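Contents: one structure, followed by commentary.
The values are calculated or read from the model by the stated rules, or taken from the named source; none is laboratory data. Everything numeric here is computed off the predicted structure, so don't read it as measured data. All Cβ positions, even for glycine, are placed from backbone atoms using ideal geometry, and neighbour counts span all protein chains on display.
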Amino acid sequence: SALCVQVTMRRKLTLWARFCLVLALLPSQTVMSVDLGSEWMKVAIVKPGVPMEIALNKESRRKTSVAVCLKENERLFGDGALGVSVKNPKFVYRHLQSLLGKKHDNPQVAVYQKRFPEHHLVTDASRGTVLFSNSEEMQYSPEELLGMVLNYSRGLAQDFAEQPIKDAVITVPAFFNQAERRAVLQAAQMAGVKVLQLINDNMAVALNYGVFRRKDINSTAQNIMFYDMGSGSTTATIVTYQTVKTKESGSQPQLQIRGLGFDRSLGGFEMELRLQDHLATLFNEQKKTKKDVRENHRAMAKLLKEAQRLKTVLSANAEYMAQVEGLLDDMDFKAKVTRVEFETLCADLFERVPGPVQEALSSAEMSLDEIEQVILVGGSTRVPKVQEVLLKAVGKEELGKNLNADEAAAMGAVYKAAALSKAFKVQPFLVIEATVFPIQVEFTREVEEDGSRSLKHKKRILFQRMTSYPMRKVITFNCYTDDFAFHINYGDLSFLGQEDLSVFGSLNLTTVQLSGVGSSFQKHTGAESKGIKAHFNMDESGMLLLDRVISFDLSELGNTISSLFGGGSSEPNANVTEPVQVTLDSLLLNTSSWLSNSLCLSPIVSESRMRRFIRSLLQDLTDRDLEKQEREKTLNSLEAFLFETQDKMYQEEYQAVVLEEEKEAIMAKLSQVSAWLDEDGYSASTKELQEKLQDLRKLCKAMFFRVEERRKWPGHLATLESTLNSSSFFLRSAKLEPEDDRIFTDVELKTLEKVINETTTWKNNTVAEQEKSSPTERPVLLSKEIESKWALLDREVNYLLNKAKFAKPKPKVNNSTTSESSSSKANSSKMEEKVILPKEETKDEGGEAGKTNTFLLWNMCFLYRGRAHCSKTFRN
């Protein structure tokens, strides 16, 4: 009782194979995914009837820039924001991903400030993070800006799906730590998006690849490397595919992340910045002005836009002429750039291309010989030099290009969204993720050595590097009978380079202070302690949770006694090094809360600021957007009406129905409103625009009505004539039935005859009257009346057809068969068109009598409704 939808995509689109998406019998619900890159995002949806599809934005593009423009009362996203970035770059915020979860003194903040000097970054006093500041009133955190972008992405998905959406799967870079992941979750919360899961972008790509190649996966392990170079970073991932046996579903395909290597700053954007700087140098060398172009933010924004285009063009051409009109002081810029020059500028970047590959192999403890294929992902892998260096590094004959480099992550994430949603069921595909950064618990314990007691520092590994997750772990603290503390820290990060370590931030996630331990044991002196156990969980989003803290004892005492927040505070502290108080009032503590939320894993946005943002700022900006959209819609409608109506006044069909004085009045009004629009209209309110449009429509309503009616007459009259003819034939055929076989009563046939006669009389009289009237007068012949006439005929005939369909033939004596057959032949010969009844449709339990009625009704229905309709009606 479920609907199985087979989807076969064209081979060009990443070689989709057939897959089955089963829509459960649950209320209709649409889910979405957001592939959130550093520069671009792709939004995908799945809903009943639309298994998987990329949602187009308002410009009908399949990807949207992760950019937001906030200028006075104006807010723009995507291409609109990019357009403003060339004129007023300080109001456009982009590449926000690199600032998420970062303290103000993080080196990444300094890098961002250098790349975008037009922005003023200040310290958030409450969190120690950064704020974009244009004024005292206009200060936004990266999480708030990202929240606006995610809210916009949901709007795109809803417009495309034509129904509300709240559930989403969002991609994040695999190398995002706990602070960065938490920042994305908070941005989604601000946007009103319910995150079903944060999925690593490399996992989404691998899932997309595996789901549509299920038939190629078997019990033999296949190792595939995905090399993903995007705008801001590069990731190499080793994935193993094979089928495994499960208790629930038998043999199922599975993918497991085996190795990961990454370079946080290697990507296409850095290449574009090199080209931007090169173009700036060339312009300064031309000495068209005494000013340094690098000191003008607007000019540099124009050069960055040209550099982005230049990088794309040089991927297919050996050279190209870069040019920017009015770059600085109204001076145009034009210079030739070759691919050789581009590769020289980025030589050190290309040298870093093999780095993630080697790191992935090292973490997976594999060699290149064990890798069957290296598949390219990400837009920046289209750069020829990247492919050349990578091909040499992996030692393969060729690189795999059979995956949609731009949309693979979005499509894999939306498949996961469908799997997690209660509204859908998908064919199982098992996934096993891997932690990138090890996590450990550290604590000090008093020990006795050589007759003296001393404190000894202990470390317990919670999650090793490349440990599979989701997974639960338990750490036991033995010999504690009094209050104590333990620290949750990142483990050995020596595999990271010095630059990555400096960007990483604090290695301490939090410190947990357990208080009330001693008093609890004093209350239960008869209980034997088995140690205090802390239960941890790494969930599907890669977020660390502390589920509960339990003390086991022989008497099985234990109660849920406290929340993780000592004192009942609901607002986490922003200081990552401050200990969290956990009161142990009994022998069992249930926490079951986000570790990242309650244990201060990052300088996260405070609850009070989040509430203010959601309820006030975001809603206010959204209301402004809606008001602006409504005004633009009304303005466009008014402009279109003016243009179209002025043009119509010179068309024959309009000139034929309008009096000269009426025409002059309309033209004068059109000119008046057009002049007003040129002078004051573009600053007018929505209400004023609507009033002008309503006045014009009211003035032209009669003229438009006359033209529209005249357009409909030919088709409507032809339909009415056809209905009259078929109804008349139906009536004549029904009257030819022998009295013994007659299905319809005299009253029914007379009713139909009356409707036919009245309709014919009305048509002839009304058409004649219309021919006498002037085209400039209100029409006498109205299309809606014609429609009502043929609808009445339809109802009468359909009533009789339905009665015939269910009528049972009267039984006949055998000696009448011959005469009835002759009568049937005689009747059928009188019909205007001979139709041969299909053999199987003459079979009827009523014998020969059934043949006569069915044959007659078949002919009647055939001429009235056509063979397809009749075959369906009389099949049984």
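None of LYS425, LYS396, LYS385 is in the same structural domain as ILE170 (by TED's automatic domain parsing) and assigned to a helix (DSSP H, G or I) except LYS385. Counting the residues of region 642-664 that are among the hydrophobic types (A, V, I, L, M, F, W, C) and surrounded by 14 or more Cβ atoms within 10 Å (Cβ to Cβ) gives 4. Name the single residue that is surrounded by the fewest Cβ atoms within 10 Å (Cβ to Cβ) among those in region 126-150 being among the hydroxyl-bearing types (Ser, Thr, Tyr) and in contact with a helix residue (DSSP H, G or I) (Cβ under 9 Å, 6 or more places away or on another chain). Only one residue tops the list, namely SER126.
Residue-wise test of (1) among the hydrophobic types (A, V, I, L, M, F, W, C); (2) under 18 Å from ASN57 (Cβ atoms).
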{"site": "ASP159", "(1), (2)": "no, yes"}
{"site": "ILE165", "(1), (2)": "yes, yes"}
{"site": "ALA168", "(1), (2)": "yes, yes"}
{"site": "THR171", "(1), (2)": "no, yes"}
{"site": "GLU180", "(1), (2)": "no, no"}
{"site": "ALA188", "(1), (2)": "yes, no"}
{"site": "ALA191", "(1), (2)": "yes, yes"}
{"site": "ASN200", "(1), (2)": "no, no"}
{"site": "LEU207", "(1), (2)": "yes, no"}
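Restricting to region 426-452, and then to whatever is of a type in the set (S, T, N, Q) and over 37 Å from the mean Cα position of the chain (by Cα), can you tell me which residue is surrounded by the most Cβ atoms within 10 Å (Cβ to Cβ)? Looking at the filtered set, the residue picked out is THR444. With respect to the stated conditions, THR645 is among the β-branched types (Val, Ile, Thr), assigned to a helix (DSSP H, G or I) and within 30 Å of GLU777 (Cα to Cα). If you go through region 728-785 and pick out every residue that is small (Gly, Ala, Ser) and surrounded by 16 or more Cβ atoms within 10 Å (Cβ to Cβ), you end up with 4. The residue that is surrounded by the fewest Cβ atoms within 10 Å (Cβ to Cβ), among those in region 80-105 that are farther than 16 Å from PHE132 by Cα and either in contact with a Phe, Trp or Tyr (Cβ under 9 Å, 6 or more places away or on another chain) or modelled with pLDDT of 95 or more (or both), is VAL84. Among the residues of region 347-356, just one is outside any helix (DSSP H, G or I) and out of contact with any helix residue (DSSP H, G or I) (no Cβ under 8 Å at 6 or more places or on another chain), namely ARG352. Could you check, for region 155-163, whether at least one of its residues is in the same structural domain as MET41 (by TED's automatic domain parsing), among the aromatic types (Phe, Trp, Tyr), surrounded by 15 or more Cβ atoms within 10 Å (Cβ to Cβ) and more than 21 Å from VAL184 (Cα to Cα)? Scanning region 155-163 turns up at least one residue that is in the same structural domain as MET41 (by TED's automatic domain parsing), among the aromatic types (Phe, Trp, Tyr), surrounded by 15 or more Cβ atoms within 10 Å (Cβ to Cβ) and more than 21 Å from VAL184 (Cα to Cα).
If only residues of region 134-176 that are outside any helix (DSSP H, G or I) and among the aromatic types (Phe, Trp, Tyr) are counted, the one that is nearest to THR123 (Cα to Cα) is TYR140.
Scanning region 371-390 for residues that are more than 33 Å from the chain's Cα centre (by Cα) and loosely packed, with under 15 Cβ neighbours inside 10 Å yields a single hit, GLU388. Every test in (1) in a loop (DSSP other than H, G, I, E, B); (2) in contact with a helix residue (DSSP H, G or I) (Cβ under 6 Å, 6 or more places away or on another chain) is passed by GLN186 save one, and that test is (1). For region 357-370, the criterion of being in contact with a helix residue (DSSP H, G or I) (Cβ under 9 Å, 6 or more places away or on another chain), buried (at least 18 other Cβ atoms within 10 Å of the Cβ) and outside any helix (DSSP H, G or I) is met by no residue.
Contact annotation: residue pairs with Cβ atoms under 8 Å, 6 or more positions apart or on different chains, pairing a residue in region 49-69 that is over 12 Å from ASP79 (Cα atoms) with a partner that is of a type in the set (Phe, Trp, Tyr), are MET52/TYR415; GLU53/PHE160; ALA55/PHE160; LEU56/PHE160. With respect to being of a type outside the set (A, V, I, L, M) and modelled with pLDDT of 95 or more, ARG214 falls outside the description.
Here is a yes/no grid of residues against (1) at pLDDT below 95; (2) in contact with a Lys or Arg (Cβ under 8 Å, 6 or more places away or on another chain); (3) on the phi > 0 side of the Ramachandran plot:
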site: THR129; (1), (2), (3): yes, yes, no
site: TYR140; (1), (2), (3): yes, no, no
site: MET148; (1), (2), (3): yes, yes, no
site: GLY155; (1), (2), (3): yes, no, no
site: ALA161; (1), (2), (3): yes, yes, no
site: PRO164; (1), (2), (3): yes, no, no
site: VAL172; (1), (2), (3): no, yes, no
